[in-house]
1. Share of antiparallel DSSP beta bridges in the stretch A:5-205, in percent to the nearest 5?
2. On the first, second and third principal axes, largest extent first, how far apart are the outermost C-alpha atoms of chain A in Å?
3. Per 10 Å bin from zero, what fraction in whole % of the C-alpha pairs of chain B is there, up to the bin with the longest pair?
4. Contact order normalised by length for the stretch B:232-354, with contacts defined as Cα pairs under 8 Å and 6 or more residues apart; what percent is it?
5. Taking beta carbons within 10 Å but only from partner chains, what does the mean come to for residues A:85-93?
6. For the pairs A:Lys50/A:Lys148; B:Lys81/B:Lys110; A:Lys51/A:Lys198, note any where the Cα-Cα span goes beyond 26 Å.
7. Protein chains only, probe 1.4 Å: how do A:Glu289, B:Glu114 rank by accessible area, largest first?
8. Once you've got the GNM for chain A with C-alpha springs shorter than 10 Å, pick whichever of A:Val234, A:Val172, A:Val193 has the biggest mean-square fluctuation.
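The values are calculated or read from the model by the stated rules, or taken from the named source; none is laboratory data. Computed from a prediction, not measured in an experiment: that's the story for all the values here. Methodologically, a virtual Cβ is constructed for each residue, glycine included, from the backbone with ideal geometry; neighbour enumeration extends over all protein chains shown. Areas reflect the complete protein model, heavy atoms only, side chains present, ligands, DNA and RNA absent. Shrake-Rupley method; radii C 1.70, N 1.55, O 1.52, S 1.80 Å.
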Amino acid sequence: MTGESRTMNMIQAINSAIDVAMGRDEKIVVLGEDVGYFGGVFKATEGLQKKYGKTRVFDTPISECGIIGVAVGMATYGLRPVPEIQFADYIYPALDQLVSEAARLRYRSAGEYTAPITVRTPFGGGIFGGQTHSQSPEGIFTHVAGLKTVIPSNPYDAKGLLIAAIEDNDPVIFFEPKRIYNGPFDGHYDRPVQPWSKFAESAVPDGHYTVPLGKARVVREGNDVTVLAYGTMVHVAHSVIQETGVDAELVDLRTLVPLDIETVVESVKKTGRCMVVHEATKTSGFGAELSALVQEHCFHWLEAPVQRVTGWDTPYPHSLEWAYFPGPVRLTEAFKRVMQD
Amino acid sequence: MTGRNLPPLSLHVPEPAFRPGDTVDFADFEMPVAGAVRRPPIDASPRDVRDMAYAMVRVLDDEGRAQGPWDPRLAPETLLKILRSMALTRAFDERLYRAQRQGKTSFYMKCTGEEATSVGAAHALDYDDMCFPSYRQQGLLIARDWPIVDMINQIYSNRADRLKGRQMPIMYSVRQANFFSISGNLTTQYPQAVGWAMASAARGDTRIAAAWCGEGSTAEGDFHSALTFAAVYRAPVILNVINNQWAISSFSGFAGAEATTFAARAIGYGIAGLRVDGNDALAVYAATQWAADRARNNHGPTLIEHFTYRAEGHSTSDDPSKYRSAEEGGKWPLGDPIARLKKHVIGLGIWDEERHAAMDLEVAELVKAAQKEAEKNGILQDGLKQSFDSMFEDVFEEMPWHLKEQSAQMHDERKAAGI
Ligand SMILES: Cc1ncc(C[n+]2csc(CCOP(=O)(O)OP(=O)(O)O)c2C)c(N)n1
Ligand SMILES: [Mg+2]
């Protein structure tokens with residue numbers, strides 16, 4: 001029963017996902033810095049403490065290592081924690097608990113113990129947040145065996161994917177592209193933000209539904225080149241495709257691990273060209289994995305080298321944010337390169 | 001669920017005394033008496049000063065008189081210098097906060113109400129002692145007479161910003177003033193300060209280190225690593241915890257304050273812990289001086305909890321009326337650090353209302369002039385920035401091939417796009 005649909009932005013959709021999941025399963029708990037009374041610095045958990053009480057939605061000490069460590073312990077007891085890390089840039093103190101513990105618990109105990117936790121965390125730049133409010137560290141997590149990595153690009157998917165992640169029995173890192181919380185971003189930072197209400201993906205069912213993990217979405221069909229993107233970059237790529245008139249097929253990956261390899265391969269075999277877009281730095285980024293997979297699976301179909309359009313291999317700068325961000329200029333040039341010969 | 005005949009367990013989740021709309025009453029707060037706390041010798045063993053972690057060093061009483069053994073007996077010019085540095089810090093905060101609101105930069109953080117914790121400490125340290133601050137210690141730079149134009153250039157990320165526009169506003173780095181590069185990641189500076197102090201000790205130097213973090217930040221693992229290392233190596237370091245009661249929307253109870261004091265964190269590690277009235281510049285000065293003497297004489301580290309109040313929002317991104325009672329600040333029992341020191345110096349006969357008003361005007365004008373000067377070099381969004389090439393510099397000492405390639409690519413792409 002999904003019931004009526006309403007117009008929601010990403011924050012409201014995420015809030016609704018947690019609300020719906022908590023209403024169905026009393027084992028779900030939410031914890032994190034400022035998530036309780038205040039409802040989170042981005043308001044994603046607003047109203048949930050009031051509705052579900054302080055033992056199910058609570059503030060924590062400022063210790064990311066502690067937040068994930070106790071989440072693993074609560075999961076071991078039998079709960080299903082949904083911890084929030086206030087910014088992805090602050091997830092590093094929790095790495096040991098995520099990488100050595102949550103990710104490997106099922107494997108090392110041969111299934112005796114598991115860690116069904118969903119770590120929500122805002123990521124990505126475009127908000128003048130400097131190097132500690134802008135990073136895209138997804139590649140660190142996709143490299144770890146045992147973690148699932150999910151990144152929505154619109155309100156409908158955000159809710160469906162988050163419910164699916166919470167109901168999944170493995171640990172999931174759920175990266176929320178904060179630049180598009182309130183409206184999609186076409187990469188033109190000098191234009192006013194368009195609210196989500198103007199876009200179809202903001203029609204979100206009130207009730208329960210899932211968008212399955214591991215399934216990509218073809219946002220736009222095309223014949224000449226496949227564009228692989230996720231999060232904010234789906235919108236930037238989409239607008240550049242429209243501006244340049246390239247007949248590109250745009251694939252929103254939605255889940256990085258496990259990857260929907262079938263959709264990727266099918267598309268690249270059709271178009272013969274591929275461009276990978278992400279905001280994270282280039283070297284050892286998830287684009288490198290995508291590029292290798294496309295090459296392994298589609299070598300004989302490729303008519304040009306796979307192009308990667310990524311953030312530069314520097315820390316995220318403050319004032320030169322828009323020179324760093326892989327925006328319309330860079331995508332347009334990359335399209336020219338990938339369409340050559 | 002076992003069958004044992006026991007009451008069900010319950011989870012304790014802390015709750016602050018006052019929320020929005022609540023009437024604030026600090027009647028339960030037991031005001032420590034100024035001058036009542038003993039001043040142990042600087043070579044006292046941590047074991048013998050455990051009581052200090054639960055008491056509160058206060059020098060200034062309600063009438064603004066300096067009381068007891070912690071009175072640092074400062075020369076008039078030092079008292080007035082501290083007063084002026086605090087006033088300048090406040091004026092700076094007012095103006096730069098407004099600059100953010102006017103769209104001249106992306107972000108700002110005030111330290112209003114907490115000025116004494118930085119300014120008082122800076123005066124008790126030597127200039128060449130190394131400071132490892134958090135983002136709320138602008139008072140250290142101001143007390144060290146660092147040019148405020150330079151600070152504003154950083155806040156504007158303009159072409160004169162020594163940090164090349166790379167850091168968010170207020171994340172200063174001033175090596176010349178022995179002020180470490182501020183990190184946005186909480187409490188990372190704590191073990192670093194201990195390491196600097198260990199190095200100074202290992203090399204037979206005479207300089208000591210000092211670190212600052214908020215009470216909320218004491219929950220981070222780095223805080224506890226720092227205390228362990230400081231204790232093991234008796235590092236010559238002062239570890240300051242600014243307990244301003246709030247960490248964004250979370251009250252100090254979420255860092256453990258319901259059960260104990262932050263100064264008492266020292267006890268478990270075998271470190272000396274002091275708790276001081278952080279709105280009393282003389283108490284802050286005296287405690288810092290005690291800790292500095294102790295460190296400099298090889299008696300090891302001191303943890304100082306500065307009990308104070310964050311009088312304003314966390315940052316320009318915050319609205320504190322959403323989570324705490326608006327009355328709290330006004331009713332804060334320990335008063336305002338500037339007003340209290342002002343009363344003291346007036347009582348001493350070395351200051352008066354007219355001079356104070358003139359000083360307020362003078363520091364406001366100073367900030368205004370510095371801001372004007374800085375704006376000649378640009379504000380955040382007006383394009384007067386560092387060169388695009390600078391983005392690729394300083395990732396490594398020498399630029400590797402891939403960064404050279406990316407830098408060239410950036411230029412080629414922009415040229416091709418006609419920009
Ligand atoms: C590792 C890390 N986690 C979370 C944050 C987000 N954050 C920034 S300031 C802050 C509150 C800090 O409170 P406190 O330590 O009391 O310092 P205050 O702001 O009161 O000076 C939080 C949670 C961060 N910057 N770094
Ligand atoms: Mg605080």
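1. Bridges in the stretch A:5-205 are about 15 percent antiparallel.
2. So the extents along the principal axes, rounded to whole Å, are 61, 46, 43.
3. So the P(r) values, bin by bin, are 5, 21, 29, 25, 13, 5, 2, 0.
4. 33
5. Average neighbour count from other chains, rounded to a whole number: 2.
6. A:Lys50/A:Lys148; A:Lys51/A:Lys198, as the Cα separations exceed 26 Å there.
7. A:Glu289, B:Glu114
8. The residue that fluctuates most here is A:Val193.
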